[in-house]
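Quick notes on the structure that follows.
The values are calculated or read from the model by the stated rules, or taken from the named source; none is laboratory data. Predicted, not measured: the structure shown is a model, and the values here were computed from it. In this analysis, Cβ positions are derived from the backbone assuming ideal geometry, glycine residues included, and neighbour counts consider all displayed protein chains.
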Amino acid sequence: MKKVKKAVIPAAGFGTRFLPITKAVCKEMLPIVDKPTLQYIVEEAVDSGIEDILVVTGRNKKILEDFFDYTPELDALLEQDGKKEFLEISQKMEKLVNMYYVRQKHPTGFADAVMYAKAFTGDEPFAILLGDDIIYTDSSLKPGIRQLIDCYYDTGKPTVAVMNVNDDDIPKYANIRGRNIADDRIDIDLIVEKPAVQDKFSNDAVIGRYVVESDIFDIIVQTPPSPKGEVYFTDALQLLAKQNRLIGCRFAGKRYDAGNKLKYLEANVEFALRDKSLGKQFREYLLNLAEKLR
Ligand code: G1P
């Protein structure tokens, strides 16, 4: 079985939910504490054994490429001033992984973005990570996408990440039906994009982590468009489910929705609380604030 060494990150969306900041700063560069959301995703991929990452970008996303590039002027200054710690932070990203970029001509959705990866992935299986979904795992757990890669190696079938959600959240995600084959694995026979709550099959939602094989490109091409005219990636996955070739992995870890303003703020608070240098003081501040707000 071929190893999963490549990952694709679709990142062409306009980020309208975060206007006005996204007029000039793309949403993937919005920080959680001091790192852009995209860095969390890239680090998860790298910690999972991924060696090459293709980001499917669009116009107005140049700062994203700059972020993963060398910054020789800054680094020279930090070196000269003996600021080793900052130099390491500055150089971490450029050393981390091979980054590739391709521009999606029109941001016409997730399946179309995946099609741009065809030449990059060739005939290898690959991971897909959506930038709005951040999965925090402590040191006792494997990174999110690694858990899916292992599931793919064990079952030999494409795998999606699954999380239990409340009824209110059903219409935000792909919804699945299937049979438990292990505590954390589901053999999926049906997957539907964002059903109304009364049409749900379960409370199992798909979140933005996938491992697929190279036949996904042909499958996307064969998938009929939705009534809105867009081919849904979820509908392509349904063709896999029909062939009994789709597994859901109930990953361990905490997932944050960085695409939603309130959840993004929550992520900032929780990551700040975990931060070695800020956490203690920030916790005191929050406790004082909570007292005042009582
Ligand atoms: C996308 C997918 C959806 C999936 C979700 C996970 O939706 O289309 O199937 O459940 O990501 O976050 P979006 O959040 O882009 O609307």
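Here are a few things to note about the model shown:
- Helices (runs of 4 or more DSSP H) fully within the range 12-121 counting 3 or more residues that are within 30 Å of Glu213 (Cα to Cα): 37-47, 62-67, 84-96, 110-115, 118-121
- Of everything in the range 196-230 that is among the polar types (S, T, N, Q) and in contact (Cβ under 8 Å) with a residue 40 or more places away in the chain, the residue that is farthest from Lys3 (Cα to Cα) is Thr223.
- Verdict on Pro227 being over 23 Å from the mean Cα position of the chain (by Cα) and surrounded by fewer than 16 Cβ atoms within 10 Å (Cβ to Cβ): yes
- Residue tally, condition under 16 Å from Lys62 (Cβ atoms) and aliphatic (A, V, I, L, M), over the range 86-107: 3
- The range 166-195, subset without any contact (Cβ under 8 Å) to a residue 60 or more places away in the chain, surrounded by 17 or more Cβ atoms within 10 Å (Cβ to Cβ) and under 18 Å from the mean Cα position of the chain (by Cα), residue nearest to the ligand (Cβ to nearest atom): Tyr173
So that you can scan it fast, the table gives a plain yes or no per residue for (1) surrounded by 14 or more Cβ atoms within 10 Å (Cβ to Cβ); (2) closer than 19 Å to Ile188 by Cβ; (3) modelled with pLDDT under 95:
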| site | (1), (2), (3) |
| --- | --- |
| Ile63 | no, no, yes |
| Glu88 | no, no, yes |
| Leu96 | yes, no, yes |
| His106 | no, no, yes |
| Ala117 | yes, no, no |
| Arg146 | yes, no, no |
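- Phe233 being under 24 Å from His106 (Cβ atoms), surrounded by fewer than 21 Cβ atoms within 10 Å (Cβ to Cβ) and touching a residue at least 60 places away in the same chain (Cβ under 8 Å): no
- Residue check, Leu54 touching a residue at least 12 places away in the same chain (Cβ under 8 Å), buried (at least 18 other Cβ atoms within 10 Å of the Cβ) and within 18 Å of the chain's Cα centre (by Cα): yes
- Top-ranked residue of the range 9-38 - restricted to ones that are out of contact with any strand residue (DSSP E or B) (no Cβ under 9 Å at 6 or more places or on another chain) and under 20 Å from Lys95 (Cβ atoms), ranked as surrounded by the fewest Cβ atoms within 10 Å (Cβ to Cβ): Asp34
- Look at the range 242-263: where a residue is at positive phi and modelled with pLDDT of 95 or more and a partner is in a helix (DSSP H, G or I) and within 14 Å of the ligand (Cβ to nearest atom), sitting 6+ places away or on another chain with Cβ atoms under 9 Å, you get Gly253/Gly144.
- Residue ID - nearest to Arg59 (Cα to Cα), chosen from residues in the range 122-142 that are part of a loop (DSSP other than H, G, I, E, B) and among the charged types (D, E, K, R): Asp132
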